[in-house]
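What follows is a short report on a single structure.
Read the figures in this text as sums done on the coordinates, not as results from a lab. Only a predicted model underlies this, so the values are computations on that prediction, with no experimental measurement involved. Note that each Cβ is placed from the backbone with ideal geometry, even for glycine, and that neighbours are counted across all protein chains shown.
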Amino acid sequence: MRIRHSVLGFMAAVVAVGGCGGGSHDSRSHDSASGAARTVDVEMHDIGYAPATVPVRAGETVKFVFHNKGQIVHDAFLGDEAAQADHEKEMRAASSGDMNMHGGADAIKVEPGKTGELTHTFKAGEALVIGCHEAGHYQAGMKLPVTVG
């Protein structure tokens, strides 16, 4: 009987702790590796991101975790509209066999079924977008505005 109560107590604790961790779309964490104060999950679909926009605070460090739910490769590039235009030109200039133009801390490529991460600390006044620059995606609207408030 004593073992049974211990097992039941342990299981109740597991259920209570598990319920607090939930699968929320925008979860908070203190990621010591990146210094991120918040983690935002972003789904990549063939041709779009979910959620449609992400609000952040000035000074906030956010880790974006991209989940490619689509059937094709997607990328995520974080920058203002001028940087998006520059990145688009770089991607177009790349030879068809060299799609590794994703250098720097603000760009990643994510294969179908895989995940990737970008971490950024936002400054007041920034007007940033996350865009996919695989052929034709950005023009088709694969953009995720990040609103700094």
For this session: Using amide H atoms built 1.01 Å from N in the peptide plane, name the residues 5+ places from ASP41, or on other chains, whose amide H lies under 5 Å from its own.
Result: SER27, VAL65
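In units of 2.2 N^0.38 Å, what is the alpha-carbon radius of gyration of segment 50-149?
Numbers: Rg = 13.1 Å, N = 100, 2.2 N^0.38 = 12.7 Å.
Compactness ratio reported: 1.04.
First measure r as the distance between the Cβ atoms of ALA94 and GLU60, then evaluate 1/(1 + (r/R0)^6) with R0 = 30 Å and state the FRET efficiency to the nearest 0.05. Present the calculation step by step, with values, prior to reporting the outcome.
On the way: r = 33 Å, r/R0 = 1.08.
FRET efficiency, ALA94 to GLU60: 0.40.
Antiparallel DSSP bridges in segment 35-140: what percent, to the nearest 5? Walk me through the numbers before you get to the answer.
Working: 17 of 24 bridges.
Taking every DSSP beta bridge within segment 35-140, about 70 percent pair in antiparallel fashion.
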Exercise. How far apart, in nm, are the 7 Å Cα→Cβ label points at ALA127 and GLN139?
Worked result: 2.3 nm
Exercise. For segment 53-62, what does the Karplus curve 6.51 cos²θ - 1.76 cosθ + 1.60, with θ = phi - 60°, yield as ³J(HN,Hα) per residue in whole Hz, taken in order and with x for Gly and Pro?
Worked result: 7, 10, x, 9, 9, 4, x, 7, 9, 10
